[in-house]
Amino acid sequence: MENKRIYLSLSQESGYEQEYIDRALKSNWITSGGPNVDEFENELQNYFGNENFVAALNSGTAAIHLALILLGVKADDEVICQSMTFSASANPILYQNAHPVFVDSEIETWNICPKNLGIAIKDRISKGKKPKAIIAVHLYGMPYQVDQVHTIADKYGIPIIEDSAEALGSNFKGKQCGSFGAYGVLSFNGNKIITTSSGGALISKSKETKDKAVFFATQSKDKAAHYQHSEIGYNYRMSNICAGIGLGQMKVLNDNIYSRRNNHLFYKDIFKEIKNVEFFDNQNKDFVSNYWLNTILLKTKNQRESLRLAFEEANIESRPLWKPMHLQPVFEKYPYYGNKVAEELFEKGLCLPSGSNLTADDKSRIKEVIVNFFKRI
Ligand SMILES: *Cc1c(COP(=O)(O)O)cnc(C)c1O
């Protein structure tokens with residue numbers, strides 16, 4: 001019998017999802033917005049605490065786009081973005097016809113490098129273009145250098161959009177990731193720590209900005225009996241069915257985080273015994289990752305690819321680290337500030353299967369591939 005496929009990152013169901021979906025169907029709330037959406041927002045708001053206001057949307061990408069709009073980013077403005085990320089962090093800059101300026105990573109968190117961030121800001125200002133916003137990412141769940149990055153941003157008065165799509169449940173010095181920026185972004189895509197099938201949220205610092213986000217997300221309808229619009233609107237609101245899945249998933253959020261951290265300990269234990277590989281871990285106790293994905297650096301690109309193929313042979317999904325944005329054909333022409341850290345991570349790094357649903361049997365299959373591979377090289 002063929003081994004069942006082990007995927008890179010799946011969520012675990014609580015079993016309550018169906019109940020909330022049925023509630024939406026029975027009450028005929030089969031639309032965007034509705035009681036499940038309100039309740040899901042309340043639960044997220046409780047999770048993040050009082051000074052955070054959550055708008056539930058139909059994707060994390062939509063949340064980034066609305067954050068840019070709320071910060072007044074317009075055509076030809078510049079926005080700084082961490083290069084080492086998923087394309088959804090950067091694409092909305094182009095939706096606004098603004099220009100991305102990419103910044104390298106640093107080696108401790110693999111996230112935006114404070115030194116290069118400072119260099120980039122100064123250089124853009126000297127060219128007469130002060131960046132309008134900074135998009136910083138907690139990649140793979142690991143908090144970025146929050147203190148340093150925010151100190152620099154504050155010094156220049158540039159707001160941060162905190163892309164916490166992969167970092168729900170992570171914290172820095174005890175404060176939740178997603179709550180540091182002028183705006184925080186969550187994703188509930190199928191591969192994230194909890195899923196609504198597709199969905200996201202924008203975390204803002206006042207009820208007014210949250211309400212404004214919901215206004216934009218529901219086609220910017222002015223107060224009138226007829227449809228009246230004085231601003232461009234978007235169809236970005238979360239659906240009541242998806243929010244039902246989200247409510248079911250909230251019941252296992254802590255379990256899912258626990259499973260992911262357990263996966264981390266599982267890998268840490270394996271790699272303790274193995275030379276020639278660097279297992280990515282937090283640098284100190286200030287950085288508390290949800291370990292959404294576990295990642296390693298091999299010695300060479302060839303090694304990385306051979307390990308990936310060895311996993312594939314065993315019907316196990318793994319994936320190279322995200323290809324930096326400044327190396328992507330669509331973003332190549334935009335400025336980049338860095339020292340090739342992101343390049344090297346991309347070349348040698350591999351994401352390991354890290355789903356909340358990994359079983360003991362899955363883990364022993366994964367371990368077997370790793371142990372055999374490093375015996376050979
Ligand atoms: C998933 C993800 C997003 C986008 O979220 P969607 O809900 O898929 O639109 C943005 N940034 C990062 C870093 C992500 O991993």
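The values are calculated or read from the model by the stated rules, or taken from the named source; none is laboratory data. Quick caveat: nothing in here was measured; it's all calculated off a predicted structure. So basically every Cβ, Gly included, is an ideal-geometry build from the backbone, and we count neighbours across all protein chains shown. The accessibility values were calculated without ligands, DNA or RNA, using every heavy atom of the protein model including side chains. Shrake-Rupley method; radii C 1.70, N 1.55, O 1.52, S 1.80 Å.
Checking residue 333 against (1) within 25 Å of residue 131 (Cβ to Cβ); (2) crowded, with 18+ Cβ neighbours inside 10 Å; (3) over 21 Å from the mean Cα position of the chain (by Cα), only one condition comes out false. Which one?
(2)
Would you check if there is a residue in the stretch 217-231 being in contact with a Gly (Cβ under 9 Å, 6 or more places away or on another chain), surrounded by fewer than 20 Cβ atoms within 10 Å (Cβ to Cβ) and in contact (Cβ under 8 Å) with a residue 40 or more places away in the chain?
Keep residues of the stretch 217-231 that are in contact with a Gly (Cβ under 9 Å, 6 or more places away or on another chain), which gives 217-221.
Next, from what is left, pick out any that are surrounded by fewer than 20 Cβ atoms within 10 Å (Cβ to Cβ): 218-221.
Checking the rest, the ones that are also in contact (Cβ under 8 Å) with a residue 40 or more places away in the chain come to 218.
Checked the stretch 217-231: at least one residue is in contact with a Gly (Cβ under 9 Å, 6 or more places away or on another chain), surrounded by fewer than 20 Cβ atoms within 10 Å (Cβ to Cβ) and in contact (Cβ under 8 Å) with a residue 40 or more places away in the chain.
Considering each residue of the stretch 77-122, count those that are open to solvent by 20 Å² or more (accessible area, probe 1.4 Å), touching a Phe, Trp or Tyr at 6+ places or on another chain (Cβ under 7 Å) and within 14 Å of residue 152 (Cα to Cα), and give that number.
Here the count works out to 1.
Could you count how many residues in the stretch 192-215 are of a type outside the set (Ser, Thr, Tyr), within 16 Å of the ligand (Cβ to nearest atom) and in contact with a Phe, Trp or Tyr (Cβ under 8 Å, 6 or more places away or on another chain)?
Residues in the stretch 192-215 being of a type outside the set (Ser, Thr, Tyr), within 16 Å of the ligand (Cβ to nearest atom) and in contact with a Phe, Trp or Tyr (Cβ under 8 Å, 6 or more places away or on another chain): 8 in total.
Just wondering, is there one or more residues in the stretch 157-166 that are over 30 Å from residue 8 (Cβ atoms), without any contact (Cβ under 8 Å) to a residue 40 or more places away in the chain and assigned by TED's automatic domain parsing to the domain that holds residue 82? Explain how you work it out, then say what you get.
In the first step, residues of the stretch 157-166 are kept if they are over 30 Å from residue 8 (Cβ atoms); the result is 157-159.
Filter again for without any contact (Cβ under 8 Å) to a residue 40 or more places away in the chain, leaving 157.
When the remaining residues are screened for being assigned by TED's automatic domain parsing to the domain that holds residue 82, the result is 157.
Yes - at least one qualifying residue is present in the stretch 157-166.
Given the conditions (1) at pLDDT 95 or above; (2) open to solvent by 50 Å² or more (accessible area, probe 1.4 Å), and given that residue 66 satisfies all but one, which numbered condition is not satisfied?
All conditions pass for residue 66, except number (2).
Would you mind telling me which numbered condition in (1) closer than 22 Å to residue 329 by Cβ; (2) more than 16 Å from the ligand (Cβ to nearest atom) residue 115 fails?
(1)
If you go through the stretch 137-178 one residue at a time, how many are open to solvent by less than 40 Å² (accessible area, probe 1.4 Å), more than 18 Å from residue 107 (Cβ to Cβ) and under 17 Å from the mean Cα position of the chain (by Cα)?
Qualifying residue count, the stretch 137-178: 14.
Only one of these is in contact with a Pro (Cβ under 6 Å, 6 or more places away or on another chain), touching a residue at least 12 places away in the same chain (Cβ under 8 Å) and hydrophobic (A, V, I, L, M, F, W, C): 242, 177. Name it.
Step by step, each of 242, 177 is checked, and only 177 is in contact with a Pro (Cβ under 6 Å, 6 or more places away or on another chain), touching a residue at least 12 places away in the same chain (Cβ under 8 Å) and hydrophobic (A, V, I, L, M, F, W, C).
Which residues, taken from the stretch 181-191, are open to solvent by 10 Å² or more (accessible area, probe 1.4 Å), in a loop (DSSP other than H, G, I, E, B) and within 16 Å of the ligand (Cβ to nearest atom)?
Once the filter is applied, which keeps residues that are open to solvent by 10 Å² or more (accessible area, probe 1.4 Å), in a loop (DSSP other than H, G, I, E, B) and within 16 Å of the ligand (Cβ to nearest atom), the stretch 181-191 yields 189, 190, 191.
If a residue has to be under 15 Å from residue 196 (Cβ atoms) and of a type in the set (Lys, Arg) to count, how many in the stretch 24-70 make the cut?
Of the residues in the stretch 24-70, 0 are under 15 Å from residue 196 (Cβ atoms) and of a type in the set (Lys, Arg).
Answer with yes or no whether residue 66 is of a type in the set (A, V, I, L, M, F, W, C) and more than 16 Å from the ligand (Cβ to nearest atom). Break it down stepwise before answering.
On the way: of a type in the set (A, V, I, L, M, F, W, C): yes; more than 16 Å from the ligand (Cβ to nearest atom): no.
Answer is no for this residue.
Please tell me if residue 341 is open to solvent by less than 40 Å² (accessible area, probe 1.4 Å), in contact with a strand residue (DSSP E or B) (Cβ under 9 Å, 6 or more places away or on another chain) and over 30 Å from residue 95 (Cβ atoms).
Answer is no for this residue.
Note down all Cβ pairs under 9 Å where the first residue falls in the stretch 133-144 and is within 12 Å of the ligand (Cβ to nearest atom), the second is basic (Lys, Arg), and they're at least six residues apart or on different chains.
So the pair list comes out as 141/260.
For the stretch 1-55, how many residues meet the condition of being under 22 Å from the mean Cα position of the chain (by Cα), open to solvent by 60 Å² or more (accessible area, probe 1.4 Å) and under 30 Å from residue 308 (Cβ atoms)?
4
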